[in-house]
Amino acid sequence: MSLRSRARTLAACTAGAAVLLGVAAPAPAAPDAPTYQVAVGQKGPWTHPDDTPAATYIDKDGSFHYQSAHALYGANDPRKWTFYSGKDFDAATRDAKLSDAVNPANSKDRNNDTTWRCNNSPTGREATSAPDTSHYAQKNYCDLMGVWVDPDTGHWYGLVHNEFTPQPFGDGLHYDAIDYAVSKDQGRTWNIKDHVLTSPYSTKRGDNTAFPHDTYHYGNGDARLFVDTASGYFYVYYNSRVIPKGGVPGAWTDGSRAHVARAPMSAKLAPGSWKKWYDGAWSQPGIGGLESNMEPVDADNTTGYTSVEHDYDPATEGSVREQ
């Protein structure tokens, strides 16, 4: 018998004896688990801060771009959609041709002054001005927040964050909603086409029927677009807040809530294609649908969201923190 055969026979006999004796056979030694270490260096310089975070995208020719935006509230404050291009984040510079582009059909519609564009967008047309315009001079402020380039047409698609109908209950804030826009000339001109993610509740000024107690819900905003080509879906992580009405004690920062929605990429951001994540499923429409508040998963919360019975309900009395 060869040495290899003898070894096999000995192993079989050892295992068989262990079974007869009611003893588990010794398990083969597990290989050592790999170890990893991650080091983070010093934060690098950033020379282009803005009100909205820089969002990257690749154009149809393979070139690298990113965009950011701001829409400040005062009558003479700037409101701009700004575009950058270059080989990467560190090397990209402001693209003046895009950032200063003017719609040839309307000189008021400009990337470096979006006042007219915001006020005449779908959300802007529905908005109303604040009773006192000394702080909120416009009825709607809109920022481009996330761009995707359609590989079929080369058109640029983007999400638009709106802050509209300022001071709806005599407070210092506003409502929020998310629209989408399309540019067919690589960012020079934009058409804000329609709503995609809107509040489950009213966004009318002073609607005490919808909000009968001390708080109101400011809607859907601050979108972060994630393009998941592996699954074929757009995912949008967005924010809402519960706000104390004017004269009611409480901090608006207590009421921050996080949500997510998705849409198939084949629909190209269109309204009606979005589903909000609610009660553990992609079950609610993007426009007016209910939405669950995301929470970290731990031993006490295995679902990852606030239970429906404990989520915000405007019919419930109590301060922002109590809600």
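The values are calculated or read from the model by the stated rules, or taken from the named source; none is laboratory data. Quick caveat: nothing in here was measured; it's all calculated off a predicted structure. Cβ atoms come from the backbone with ideal geometry, glycine included; neighbour counts cover every protein chain shown.
If you check Ala69, Ala55 for being under 16 Å from Trp156 (Cβ atoms), crowded, with 16+ Cβ neighbours inside 10 Å and touching a Gly at 6+ places or on another chain (Cβ under 9 Å), only one passes: Ala55. The sole residue among Gly206, Gly232 that is in contact with a Pro (Cβ under 7 Å, 6 or more places away or on another chain), within 30 Å of Ser68 (Cβ to Cβ) and surrounded by fewer than 19 Cβ atoms within 10 Å (Cβ to Cβ) is Gly232.
Quick check on my filter: what residues within the stretch 119-158 are out of contact with any Phe, Trp or Tyr (no Cβ under 6 Å at 6 or more places or on another chain), outside any loop (DSSP other than H, G, I, E, B) and either within 18 Å of Ala223 (Cβ to Cβ) or at pLDDT below 95 (or both)? Those that are out of contact with any Phe, Trp or Tyr (no Cβ under 6 Å at 6 or more places or on another chain), outside any loop (DSSP other than H, G, I, E, B) and either within 18 Å of Ala223 (Cβ to Cβ) or at pLDDT below 95 (or both): Pro122, Gly124, Tyr141, Cys142, Asp143, Met145, Gly146, Trp156, Gly158.
Residue check: Ser63 meets all listed conditions (1) within 19 Å of the chain's Cα centre (by Cα); (2) within 13 Å of Gln186 (Cβ to Cβ) but one, namely (1).
Of the residues making up the stretch 85-105, none is touching a strand residue (DSSP E or B) at 6+ places or on another chain (Cβ under 8 Å), crowded, with 17+ Cβ neighbours inside 10 Å and within 27 Å of Leu173 (Cβ to Cβ).
Per the listing Lys80, Lys43, the residue uniquely under 28 Å from Asn239 (Cβ atoms), at pLDDT 80 or above, out of contact with any strand residue (DSSP E or B) (no Cβ under 7 Å at 6 or more places or on another chain) and among the charged types (D, E, K, R) is Lys43. Looking across Asp179, Asp185, one residue alone is charged (D, E, K, R), without any contact (Cβ under 8 Å) to a residue 12 or more places away in the chain and either more than 25 Å from Tyr73 (Cβ to Cβ) or in a strand (DSSP E or B) (or both). It is Asp185. Selection within the stretch 109-118: residues that are assigned to a helix (DSSP H, G or I) and more than 21 Å from the chain's Cα centre (by Cα). The member of this set that is surrounded by the most Cβ atoms within 10 Å (Cβ to Cβ) is Arg117.
For the structure I just gave you, tell me whether Val23 is at pLDDT 65 or above, over 21 Å from Asn112 (Cβ atoms), hydrophobic (A, V, I, L, M, F, W, C) and not in a helix (DSSP H, G or I). Against the criterion (at pLDDT 65 or above, over 21 Å from Asn112 (Cβ atoms), hydrophobic (A, V, I, L, M, F, W, C) and not in a helix (DSSP H, G or I)), Val23 does not qualify.
Per the listing Ser319, Ser283, the residue uniquely outside any loop (DSSP other than H, G, I, E, B), among the small types (Gly, Ala, Ser) and more than 16 Å from the chain's Cα centre (by Cα) is Ser283.
The rows are residues; the columns are (1) at pLDDT 95 or above; (2) assigned to a loop (DSSP other than H, G, I, E, B).
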{"site": "Phe234", "(1), (2)": "yes, no"}
{"site": "Tyr238", "(1), (2)": "yes, no"}
{"site": "Pro249", "(1), (2)": "no, yes"}
{"site": "Asp254", "(1), (2)": "no, no"}
{"site": "Arg257", "(1), (2)": "no, no"}
{"site": "Ala263", "(1), (2)": "yes, no"}
{"site": "Trp277", "(1), (2)": "yes, no"}
{"site": "Ile287", "(1), (2)": "yes, yes"}
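The residue that is nearest to Asp143 (Cα to Cα), counting only those in the stretch 191-216 that are among the polar types (S, T, N, Q) and not in a loop (DSSP other than H, G, I, E, B), is Asn191.
Each row is one residue, and each column tells you yes or no for (1) part of a loop (DSSP other than H, G, I, E, B); (2) at pLDDT below 90; (3) within 30 Å of Glu163 (Cα to Cα).
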position	(1), (2), (3)
Ala11	no, yes, no
Ala33	yes, yes, no
Thr52	yes, no, yes
Tyr57	no, no, yes
Asp61	yes, no, no
His70	no, no, yes
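Among the residues of the stretch 234-252, is there at least one that is among the aromatic types (Phe, Trp, Tyr) and within 12 Å of Leu173 (Cβ to Cβ)? Yes: one or more hits.
In the stretch 78-108, the qualifying residues are those that are of a type in the set (A, V, I, L, M) and assigned to a loop (DSSP other than H, G, I, E, B), and the one that is farthest from Asp185 (Cα to Cα) is Ala91. The selection criterion, being under 28 Å from Asp214 (Cα atoms) and either modelled with pLDDT of 95 or more or not basic (Lys, Arg) (or both), does not hold for Pro271.
Scanning the stretch 221-238 for residues that are in contact with a Lys or Arg (Cβ under 9 Å, 6 or more places away or on another chain) and touching a residue at least 60 places away in the same chain (Cβ under 8 Å), we see that the one that is farthest from Ser319 (Cα to Cα) is Phe234. Number of residues in the stretch 128-154 that are out of contact with any His (no Cβ under 6 Å at 6 or more places or on another chain), closer than 17 Å to Gly74 by Cα and either buried (at least 18 other Cβ atoms within 10 Å of the Cβ) or not charged (D, E, K, R) (or both): the value is 14.
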